[in-house]
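Data first, discussion second: the structure below is written as C-alpha cells.
Where a number appears in this text, it was derived from the coordinates with a stated rule and is not lab data. Treat the numbers as computed from the prediction; the structure is a model and nothing was measured. Cβ sites come from the backbone with ideal geometry, for glycine too, and all protein chains shown count toward neighbours.
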Amino acid sequence: MGRVVRIGNGQGFWGDSPDAAYELVTRGPVDYIGLDYLAEVTLSIMMRQKLKDPAKGYATDFVTLLRRLLPEVMARNVKIVTNAGGLNPRACREGIFRLAEELRIRGLKVGIVEGDDLVPRLDELFAAGMHLPHMETGARLSDVARDRILSANAYLGAMPVAEALRQGAHIVLAGRITDTALVLGPLVAEFGWGGEDWDLLAAGTVAGHIVECGAQCTGGNFTRWWEVPDLWDVGYPVLECHEDGTFVVTKHPGSGGCVTEATVSEQLLYEMGDPTDYITADCRVDFTSIRLEQEGENRVRVSGIKGRPPTEFYKVSASVHKGFKAAGQLVISGPRAVEKAKLCADLVFRRLEKAGVAFPPEDRVVELLGTGVCHPGVAPAPSDVPEVVLRIAVKSDDWHKVERFGMELAPLITSGPPGVTGFSGGRPKPQDIVSFWPALIPKNMVDPFVRVSVEEV
C-alpha cells in the first residue's frame, strides 16, 4: 500500500485527558497528533478572557501540556496540529516560544492560521450586506446590539493547515478551523492531494471525523460499554493513512479500550446531519459510501469514500449574550420527599414575589432528580422515594434579579419542611447566558492566511 502516515488524536475537547497526547507520542509510532480544544461555546469563553486580559483568549492548557510533551515530539519528529489558538493564536505562540526558551529547545517552528475571527470586521461585513442571518430563525446578526456579540468565527478548512506544514511548522496553531482539518491538513501536505481531489479530500475528512472526539471511537461513550476492556487505560485513536485515501483506525498495542466496526460506526453518526451530504469547508461527503472492515484486533479498515465539491460558503459560529442565569440544588430526604421538594420550590418563588422579584414560568425550571424527570419514559417513576435532589434554575436580563434568587435556597434548611439536608455548591451566582448563532458567509469574504515563525534559542 506504500507509505503510511500515522495521525493520532489526543484531545477531543478543552478539558479532555491531560495524559492522552503524551501517551500517544510515547506508547507507539505517530507522525502527527491532532488536539481539538474548541466547541461552539468555547470561543465565547475565550472572548470574555481576552476582554479582561488582551494576552489571553487561547487554550492555556495547551501550553501547560507542551511542558511535558514538547521535548518528546521534537526528539521523535512528531508534528502537532491544533486549534488551541482560539481567538489569540499570536499570544499562544508567544507562550510556546517562552516555554521553548525555558526548555532550551532550538529551532522550533510554529505556524499560525488566522483570518477566521470576524469580530474586528463585523462593521465592514454588515456594510457590505453580509448580515449573517441565523441559519434556523433567519434573524440577522447585524440587528443585534454590538456589545452583545461575543464572538464570530468562520470555520476555515484544511488548506492553510497544509500550507503551514509545507513551510516547515512543527506546530500548527489555528483558531476556528473545522475539526476534520486537524487530520485532513496533514494528509494534504504529506500526499500532495489537490484542491479538487474530491474523493481523497472526502476520505481525509471522514478520517478526521472518526477521531475528532478522541476516545469516543476507541470505546469511550460506547453503547455496549460493558464489553470495553480496561477503559481506565483507554487508548486514544491512531489513523494509519494511505495515499489512495484508505486508512485504518487503530490504537497503540497494550492500551485499553477497543476499536471495532461498532465503535467506529457510532462515532460516524456523531453530528452527521444528512448522511449523503456531510458539508465541510473543503468538500462534501457521502457517508453512505463508507465501507468498514474489521481486519484484525483493534483494526478497522475504512474505504470507498466518495466526495464532491464544497459549497461557496464558510459556516460561521457566532455567540450572543442573552442575559443571566443561576441554578442551585438541595437534597430533600425523609418521608414524602417528593412532596417536600415541590413545596420548597413553591416557597422559593412565593418569597421572591413577596420581595418584588418575579420570574414568569418560561424563565424558571424546577426539576426533581431521581423521579425520572431528566429522561421521562425510560423507566417507571417510583411512587415514593426516600430522597430527591431539587434543582431550581432561573434566567433574566436583570442581573440583580438573578442574584436575589440565589439568596433564597439556603434559608430553606431552617425555614422549609424537614429533611432539607444538602445545600450543594454554595449560593448560586449569576452566570452569563451565551446563545449559539450559526450563519453562513461567502468564502470570497474571508481571507485565511498563514504565518510561520522560528524560535531561535
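Multiplying the sequence separation of Ser265 and Arg104 by 0.36 nm and subtracting their Cα-Cα distance, what value in nm do you get? Mind dumping the intermediate values first?
Working: separation 161, 0.36 × 161 = 57.96 nm, distance 4.41 nm.
Answer, rounded to one decimal: 53.6 nm.
Between Ala127 and Asp432, how high is the FRET efficiency from 1/(1 + (r/R0)^6) when r is the Cβ-Cβ distance and R₀ = 25 Å? Nearest 0.05.
0.30
Could you work out how far helix 337-354 tilts from the main Cα principal axis of the chain, as a 0 to 90 degree angle to the nearest 10?
The helix 337-354 is inclined about 80 degrees to the chain.
Using 0.36 nm per residue of separation minus the Cα-Cα distance, give me the extension gain between Leu440 and Thr276 in nm, one decimal.
Extending this stretch completely gives an extra 57.0 nm.
Label-point separation (nm) for Thr26 and Thr371, each offset 7 Å from Cα along Cα-to-Cβ?
Going from the Thr26 label point to the Thr371 one covers 5.0 nm.
For the chain, what's the relative contact order in percent, using C-alpha pairs closer than 8 Å and at least 6 residues apart?
18
Quickly rank 442-451, 173-182, 405-414 as a protection proxy: mean count of other C-beta atoms within 10 Å, highest first.
Values: 442-451: 15.0, 173-182: 27.7, 405-414: 17.6.
Those peptides, ordered most packed to least, come out 173-182, 405-414, 442-451.
Students often forget the sequence filter, so: which lysines lie under 21 Å Cα-Cα from Lys251 once same-chain residues fewer than 8 apart are removed?
Lys79
Can you tell me the order of 76-84, 346-354 when each peptide is scored by its average per-residue count of other Cβ atoms within 10 angstrom, highest first?
Going from most to least packed, we get 76-84, 346-354.
Can you list the residues, at least 5 places off or on another chain, whose amide H is less than 5 Å from the amide H of Asn153, using H built in the peptide plane?
Result for Asn153 returns Leu118, Ser317, Ala318.
If you fit an axis through the alpha-carbon atoms of helix 198-211 and take the longest principal axis of the Cα set of the chain, what angle between them do you get, 0 to 90°, nearest 10?
50
Stick to the Cα atoms of segment 345-390, pair each with every other, and give me the Kirkwood hydrodynamic radius in Å at one decimal. Don't skip to the end; give the middle numbers.
Numbers: mean 1/r = 0.0796 Å⁻¹.
In segment 345-390 this quantity evaluates to 12.6 Å.
Going toward the positive end of the dipole of the chain, with +1 on Lys and Arg Cβ and -1 on Asp and Glu Cβ, which of Ile177, Ala84, Leu165 do you reach last?
Of the listed residues, the answer is Ala84.
Where does each of 35-44, 189-198, 298-307 land if you order them by average Cβ count within 10 Å, highest first? Kindly include the intermediate steps, with their values, before the conclusion.
Values: 35-44: 21.9, 189-198: 16.7, 298-307: 19.4.
Those peptides, ordered most packed to least, come out 35-44, 298-307, 189-198.
Which lysines, on any chain, are close to Lys443 with Cα under 19 Å apart, when same-chain ones fewer than 8 places away are left out?
Lys315
Nearest 20 debye, what's the magnitude of the dipole of the chain about its Cα centre given +1 on Lys and Arg Cβ and -1 on Asp and Glu Cβ?
In total the dipole reaches around 1400 debye.
For the Cα atoms of the chain, what angle does the longest principal axis make with the long axis of helix 60-76, in degrees from 0 to 90, nearest 10?
Roughly 30 degrees, rounded to the nearest 10.
In whole Hz, what ³J(HN,Hα) sequence does segment 436-444 give by Karplus (6.51, -1.76, 1.60; θ = phi - 60°), x for Gly and Pro?
My calculation for segment 436-444 gives 6, 10, x, 8, 10, 9, x, 4, 6 Hz in order.
What are the lysines whose alpha-carbon lies under 21 Å from the alpha-carbon of Lys401, with same-chain residues fewer than 8 places away excluded?
Excluding near neighbours in sequence, the set is Lys322, Lys325, Lys354, Lys429.
Rounded to a whole number of µm²/s, how large is the Stokes-Einstein D of the chain at 10 °C and 1.306 mPa s, given Rh as the Kirkwood radius over C-alpha pairs?
My calculation gives 65 µm²/s for D.
Rounded, prolate or oblate: which one fits segment 321-436, using the alpha carbon gyration tensor with axes a ≥ b ≥ c (rounded when a/c is under 1.5, else prolate when a/b beats b/c, else oblate)?
In terms of gyration-tensor shape, oblate.
If R₀ is 30 angstrom, what is the calculated FRET efficiency for the pair Phe423 and Asp346, using the beta carbon separation as r and rounding to 0.05?
Efficiency computed from Cβ-Cβ geometry: 0.95.
Around Gln167, which amide H atoms from residues at least 5 apart in sequence, or from another chain, sit under 5 Å from its own amide H, with H modelled in the peptide plane?
none
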